[in-house]
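Just below is one structure, and these are the notes that go with it.
What follows is calculated from the coordinates using simple rules that are stated; it is not laboratory data. In this text, all values refer to a predicted model and were calculated from it rather than measured experimentally. Cβ atoms come from the backbone with ideal geometry, glycine included; neighbour counts cover every protein chain shown.
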Amino acid sequence: MDDNRMVCECYNIRVKDIKKAIEEGNDTFEKMERTMRLGVLCGACVTDAKKVIETLKGNTD
C-alpha cells in the first residue's frame, strides 16, 4: 500500500498517518475519528479508511 495515498482529503490524512496512529495505539476507526478527525467532516472516506485500517493492522511495517 502506498504510504502517500490520500485517504481523507478534508484533513489531508494519508496512509502513512494512519500507519503511525496504529503504531501509537490508535488502532480503531473510532479512535482515529476522535484523535485525527478521520472521516468526521464530509464522511466520504469512511469506508476506505476502515478498509485501510484493517489492512494495516495486520502489517504496519
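Listed conditions (1) out of contact with any Leu (no Cβ under 6 Å at 6 or more places or on another chain); (2) in a helix (DSSP H, G or I); (3) in contact (Cβ under 8 Å) with a residue 40 or more places away in the chain are all met by residue 1, apart from (2).
Do you know which of the residues in the range 39-51 that are in a helix (DSSP H, G or I) and among the hydrophobic types (A, V, I, L, M, F, W, C) is surrounded by the most Cβ atoms within 10 Å (Cβ to Cβ)?
The selected residue is 49.
Looking across the range 22-38 at every residue that is free of Cβ contacts under 8 Å to residues at least 24 places away in the same chain, out of contact with any Ser or Thr (no Cβ under 7 Å at 6 or more places or on another chain) and closer than 17 Å to residue 54 by Cβ, the one that is surrounded by the fewest Cβ atoms within 10 Å (Cβ to Cβ) is identified as 25.
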